[in-house]
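Below is one structure, written out as structure tokens; comments come after it.
The values are calculated or read from the model by the stated rules, or taken from the named source; none is laboratory data. Here the structure is a predicted model, which means the values were calculated and not measured. In this analysis, Cβ positions are derived from the backbone assuming ideal geometry, glycine residues included, and neighbour counts consider all displayed protein chains. The accessibility values were calculated without ligands, DNA or RNA, using every heavy atom of the protein model including side chains. Shrake-Rupley method; radii C 1.70, N 1.55, O 1.52, S 1.80 Å.
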Amino acid sequence: MTNDAGHCPVSTPPRGRALRRTTTSLLAVVLPALSLATALAAAAPPARYEPNWDSLRDIPVPAWFDDAKFGILIHWGVYSVAGFSSGYNYAEHFPQFMYRTGDGSRNPAEHAAFLQQRFGAAPPDFGYKDLVPLFRAERFDPAAWTGLFRRAGARYVILTGEHHDGFALWDSALTPWNAVQQGPRKDLVGLLGTAVRDAGLKYGVSFHRERHYWFFAQERSLGGTPHAAIAEEIRRQPAAASLYGPFQFSADFMEDYLQRWREITDRYHPDFMWIDGFASKSEEQWALWRKYGARLVADYLNQAAARKQDVYFNNKGRNETNWPRPDGLGCREADNLTFEQVGAKWQNPATLGRSYGYSFEEEKNDDYKTPTELIHLLCDVVSKNGNLLLNIGPRADGTIPEGMERRLLAIGRWLAINGEAIYGTRPWKKFGEGLATAPPQGASRRRPEQPINGIRFTAGQDAVYAILLEWPADGKISLQSFASGAGLLTGAPTAVTLLGHAQPLKWSRTADGLRVELPAEKPCESAFVLKIAH
């Protein structure tokens with residue numbers, strides 16, 4: 001039945017029943033909403049960290065990172081097109097030194113001659129911006145890269161998302177100078193991340209923009225004025241200003257810095273945040289960097305906590321620390337870092353040769369550390385509570401030099417036999433004995449001394465591993481740290497075995513040491529692991 005207006009008539013119930021019905025209706029709506037709000041509040045964890053350094057102390061080391069021990073760092077970008085370094089070793093710093101004057105070993109005249117020979121012109125007629133279209137990554141195969149890393153025994157991979165040059169390897173909405181809009185025309189960060197995680201490895205992204213404001217400026221480590229050739233390039237092509245600049249360090253620069261990193265975290269959820277070392281001559285700039293750094297770290301950790309993702313980050317830079325110490329605020333890190341003691345968690349981002357970015361000269365001369373040097377370095381780092389983050393520098397086309405591949409595969413073969421002495425271990429009561437070091441040819445901070453002729457220790461759940469860095473000539477070894485009177489081993493040894501060797505060994509323990517007779521044949525190359533069960 002309808003009324004004259006064409007609507008159904010509404011009957012009016014008694015007042016009490018109407019009130020009860022209204023109350024019941026409200027409860028039917030409000031209670032589920034309250035329950036949903038309560039559930040959502042419970043599901044979304046509160047922010048664990050505030051953007052200040054007191055709140056950020058004592059951040060736990062994720063078990064996956066502590067167990068992994070070995071990762072791959074990748075320096076790859078527009079600078080890989082040149083593959084050139086002169087005097088300073090780091091080919092990824094080619095962009096700044098092709099313009100910089102007043103530094104004898106880095107005179108741009110040498111770079112200009114290289115550019116003239118290779119590309120037929122030099123700045124301002126041919127500048128760094130003109131290398132961007134030549135960075136094509138046309139042979140980049142992320143699955144092949146990942147397969148190589150797995151065979152090498154790496155457990156995590158970190159790709160350079162943006163280096164000091166300001167070119168982003170992801171699809172950024174904040175700069176047109178990115179790998180999707182220019183150069184390769186593909187999301188390199190995303191493609192590699194998918195392949196790495198499909199292979200069961202952890203994935204991180206490194207971010208180096210903190211030095212960009214002075215990278216193309218006349219005032220190194222300060223910023224302010226672009227080089228004359230760059231200013232002329234910008235006059236001719238104004239769009240280049242957003243690649244080379246800005247040239248001042250400011251709150252606006254740091255806001256942009258944070259937003260770029262936020263793009264990476266929002267899209268790729270990196271397991272590790274790798275921030276390069278800030279470098280400035282200004283205390284005022286350092287204070288601003290530290291202020292925004294607290295926001296950077298807190299935001300990253302809180303985002304990950306909301307996803308229930310265990311993440312970590314490095315601590316690199318001034319006096320080997322970007323962030324205030326003490327130990328515990330990210331893993332300590334510096335280029336080719338070494339220690340002579342066991343300490344808080346740290347990481348060595350080590351070069352295969354002298355450069356992080358691709359170097360044509362290093363490839364041509366096979367000028368990389370030997371497999372034995374690299375395996376010894378891994379054992380030394382792990383024995384002292386560190387991780388080895390071994391760097392490679394692919395070519396601009398996306399291929400990895402054969403000399404790099406060969407060394408990675410040699411590490412993988414060694415780990416296939418001896419990995420239980422590395423993965424998941426922790427430092428023992430001392431890191432080694434019989435210590436000695438020797439400088440390789442051309443030893444320097446970027447290619448430091450390597451351990452030789454010594455023994456490194458790691459600890460498993462029910463065993464200690466003694467890693468012999470050299471096979472004794474007489475086939476016999478005495479481990480003084482395991483002597484009956486040394487007091488270091490909990491309980492007496494119950495078995496001594498050689499990893500990769502199936503037969504039992506002859507051994508005895510005296511007040512002088514644990515004496516072991518080794519077999520006639522080595523089970524592997526480079527380093528040899530005795531497992532002392534107890």
key: Pick from the stretch 78-117, criterion at positive phi and buried (at least 17 other Cβ atoms within 10 Å of the Cβ), ranking: modelled with the highest pLDDT   = Gly83
query = Does Gln347 count as within 30 Å of Thr372 (Cβ to Cβ) and either open to solvent by 60 Å² or more (accessible area, probe 1.4 Å) or free of Cβ contacts under 8 Å to residues at least 24 places away in the same chain (or both)?
reply = no
note = Within the stretch 237-291, residues being farther than 26 Å from Leu73 by Cβ, in a helix (DSSP H, G or I) and open to solvent by 10 Å² or more (accessible area, probe 1.4 Å) number 13
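Can you pull out the residues in the stretch 209-236 that are acidic (Asp, Glu) and open to solvent by less than 40 Å² (accessible area, probe 1.4 Å)? Please lay out each step first, then the result.
Kept after step one, since they are acidic (Asp, Glu), are these residues of the stretch 209-236: 210, 219, 232-233.
Glu210, Glu233 - these are the residues of the stretch 209-236 that are acidic (Asp, Glu) and open to solvent by less than 40 Å² (accessible area, probe 1.4 Å).
Would you point out the residue of the stretch 484-522, among those that are outside any strand (DSSP E or B) and charged (D, E, K, R), that is farthest from Glu420 (Cα to Cα)?
Filtering the stretch 484-522 for residues that are outside any strand (DSSP E or B) and charged (D, E, K, R), the one farthest from Glu420 (Cα to Cα) comes out as Asp512.
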task = Take Glu373 and decide whether it is closer than 21 Å to Gly153 by Cβ, open to solvent by 10 Å² or more (accessible area, probe 1.4 Å) and among the acidic types (Asp, Glu).
result = yes
ask   = Any residue in the stretch 240-262 that is within 21 Å of the chain's Cα centre (by Cα) and within 17 Å of Val311 (Cα to Cα)?
value = yes
request  = Could you list, in sequence order, all residues of the stretch 222-251 that are over 16 Å from Val132 (Cβ atoms) and aromatic (Phe, Trp, Tyr)?
outcome  = Phe247, Phe249
inquiry  = Would you confirm, using the coordinates I've provided, whether Thr510 is touching a residue at least 12 places away in the same chain (Cβ under 8 Å), among the hydroxyl-bearing types (Ser, Thr, Tyr) and farther than 25 Å from His376 by Cα?
reply    = yes
